[in-house]
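For reference, the structure discussed in these notes is given below.
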Amino acid sequence: MTIDRSGTPLVEMRDMVKSFGGIHAVDHVTVNLYPGEVVGILGHNGAGKSVLMKMLSGAIQRDAGEIIVKGQSAQINNPRDARRYRIETIYQYLALADNLDAAANLFLGRELVTPLGLVDDAQMEAETRKIMKRLNPNFRRYTAPVKALSGGQRQSVAIARAVYFNAEILIMDEPTAALGVEETRMVAELIDELKRQGIGIFLIDHDIHQVKALCDRASVMKNGQLVGTVDVHRATEDDLLGMIIAGKNPEHLAA
Amino acid sequence: MSDATSTGAGPRPRRGFLAALEIDTRLLGMIGAFFVICLVFNVWTEGRFLTPRNIFNLTIQTVSVAIMATGMVFVIVTRHIDLSVGALLATCSAVMAMTQTEILPNALGLGFGHPLIPWVTILAGIATGVIIGAFHGYLIGYLAIPAFIVTLGGLLVWRNVAWFLTRGQTIGPLDETFQTLGGINGTLGETGSWILGGLAALAAIWGLWSVRRNKVRHEFPVKPVWAEVTLAAIVVAAILGFVATLNAYEIPERRLAQMFEARGEVMPEGLTVGYGVPFSVLLLIAIATAMTIVAQKTRLGRYIFAAGGNPDAAELSGIDTRLLTVKVFAIVGALCALSAVVASARLTFHSNDIGTLDELRVIAAAVIGGTALAGGVGTIYGAILGALIMQSLQSGMAMVGVDAPYQNIVVGVVLVVAVLVDIIYRRRTGDRI
Ligand SMILES: Nc1ncnc2c1ncn2[C@@H]1O[C@H](COP(=O)(O)OP(=O)(O)OP(=O)(O)O)[C@@H](O)[C@H]1O
Ligand SMILES: [Mg+2]
């Protein structure tokens, strides 16, 4: 599948800057994302990948830079703002409340309520069942707290949350880091499915094979700076590793 | 957990009687422990423990701690602690004592016995509690000072603010209407109690039925009908049994005669009248119901549990956890004020040491009632049952003549053992500790 990159990108982060004390966590980084595209954000531990993405999801406020969503400058100061722009995030460390069930987590912060203003658990469970049937047909444990679920089941709840609320831009920060082989495959299938629906995905991943298999482009970071952005279909694994480890940008692969 | 343990996967295995009722096993355990305590003391006291009179007293003695314990559940669920509830109770009590004996009758010239006095007083008390509680919450939520420190400071501060407000004096007697909220001085009477019991039973049945109807509507699995009926029968029997017991405690003849005299009537020969449900217990029931609805059916409650289960997840879901902390502590403040109403009304005066050590009783009640100090887990009914268990132990030991120091030793040991049992139970069921 080829991605049409002639129009306006779904989202563009321009010249993003974030420092913590003396550490330049993100140092003038520019990345963008088109509909139906998966862009890998690669780099060593501490390269600044998560911080860059957290500025988009509203969890961290940027020091400088501009976020442009569908051609319009976007004000994203907290997670609520990001949700308004249909930006959803699946975090590196599973951001679910362990003690609540799947439905409560899926709707956390956006509960369905009855006309009396009380939370409508039955309705939320029904919606959760519907969406999970689509995404993970084997899922059965609707009334158990999510701590009783496997890593993959939990991740499918997190992904269902993004899908249910019609995410257009999805940030996945190492979505398979905590998962086994089978569960990783399931998440990979989900990513493909979301891509087909025209959702744009930023995918942070350390697994080069997986990046090759899932991503269209990759933006590589090192010490807070952008090494470069390349076309994954044309780049070899060695090209990518060279960017990550040595910080050398293969100009001919730029995308 | 492996898939083999998944509930609902494949055909449901035949389940036991208790499993079919779907009652929380922890709740059953607590009720069991409570019954054992009652039976042991009943045998030990040769039947004096389970008399209507003692059950009545036990009930009204539990109310003050139980009211605060419902709020402590929210505090502990959000991974905080409140060591200041006893001191806050004292400050609220002092404010209300001064309001009803000084400010309103004298300074504002309403005179003693004015019908507005008790209600304005209670509002002043609640406002005091909410403001102080919200202030604690602000220090904890926005300035990130640990709750342990804020409320430890609060314990010292508010205990002594109470002292200053009353210049260290006992203030009383309190307003007569106000006193009816203390327990024995204000009860619903037999007829009123039966009406209340009937309404409560109907509400319980309606509640169970509407949950079932809702499940059926969404085609979720439901309990078998016989289980539903059994459960309803148990609940109704418990409610009516409770009312019958409180009604069976009769107002002493001399007191009854005085009451007739006060109304200028003559007491009919051989008349007996039961006390029925005290207003303070009614207040506790109302608070417990409201707090349970908040916990289970409102966004506020959902966010309290989410923030306790995973504060980061709550934050990333757009929940303002700092404001949430303020709300939780403000609720506790309001409940301390209501407890202060009950506690001072029961004494009929405000005393300096009112509420002393209540923080420990309240925390113990919540913890014995299954609230996990790690956060995210706890129930309102559990905390109330915890308060009742503590009070039964204490009263029972007093009745059999155990000296006060030994009583405290036993209560301390019971607290630790209860938490140990809970930890073992949670390990078995794979819950968080
Ligand atoms: N909240 C914070 N406060 C202070 N420093 C931070 C904070 N968050 C991140 N940093 C620092 O910013 C730098 C980039 O961190 P970031 O989490 O983006 O790394 P990463 O590329 O996601 O690494 P990993 O692959 O290990 O997840 C690191 O040096 C980190 O220590
Ligand atoms: Mg990271």
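The values are calculated or read from the model by the stated rules, or taken from the named source; none is laboratory data. What you see is a predicted model, and the numbers here were worked out from it, not measured in a lab. When we count neighbours, we look across all protein chains shown, and the Cβ atoms used for this are built from the backbone with ideal geometry, even at glycine. Protein only, heavy atoms only, side chains kept; ligands, DNA and RNA dropped before computing areas. Shrake-Rupley method; radii C 1.70, N 1.55, O 1.52, S 1.80 Å.
Values for this structure:
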| read-out | value |
| --- | --- |
| Virtual spin-label span in nm between A:H24 and A:F165, 7 Å along Cα→Cβ | 3.4 |
| Heavy-atom accessible area order for A:E88, B:E176, largest first, 1.4 Å probe | B:E176, A:E88 |
| B:E102, A:E193, ranked by accessible area, largest first (probe 1.4 Å) | B:E102, A:E193 |
| Cα→Cβ-extended label distance, 7 Å offset, between A:I245 and B:R254, nm | 9.6 |
| In Å², nearest 10: area of A:S156 left accessible to a 1.4 Å probe | 0 |
| Rounded to the nearest 10 Å², the accessible area of A:H209 at probe 1.4 Å | 120 |
| Net charge contributed by nearby residues that have their C-beta within less than 11 Å of B:D320 (K/R +1, D/E -1) | +2 |
| Largest-first ordering by accessible area, 1.4 Å probe, given options B:W163, B:W206 | B:W206, B:W163 |
| 10 Å Cβ neighbours from other chains, averaged over peptide B:299-309 | 5 |
| Computed [θ] at 222 nm, deg cm²/dmol, chain B (DSSP H ≥ 4; -39,500 (n - 2.57); rounded to nearest 500) | -23000 deg cm²/dmol |
| Surface accessible to a 1.4 Å probe, A:R80 within the full protein complex, Å² | 110 |
| Projected label distance in nm at B:L420 and B:L199, using a 7 Å step from Cα toward the beta-carbon | 4.6 |
| Percent RCO, i.e. relative contact order, over chain A, from Cα pairs under 8 Å lying at least 6 residues apart | 26 |
| Counting DSSP beta bridges with both ends in the protein assembly as shown, the antiparallel % (nearest 5) | 60 |
| The stretch A:94-165: relative contact order in percent, alpha carbon pairs under 8 Å with at least 6 residues between | 44 |
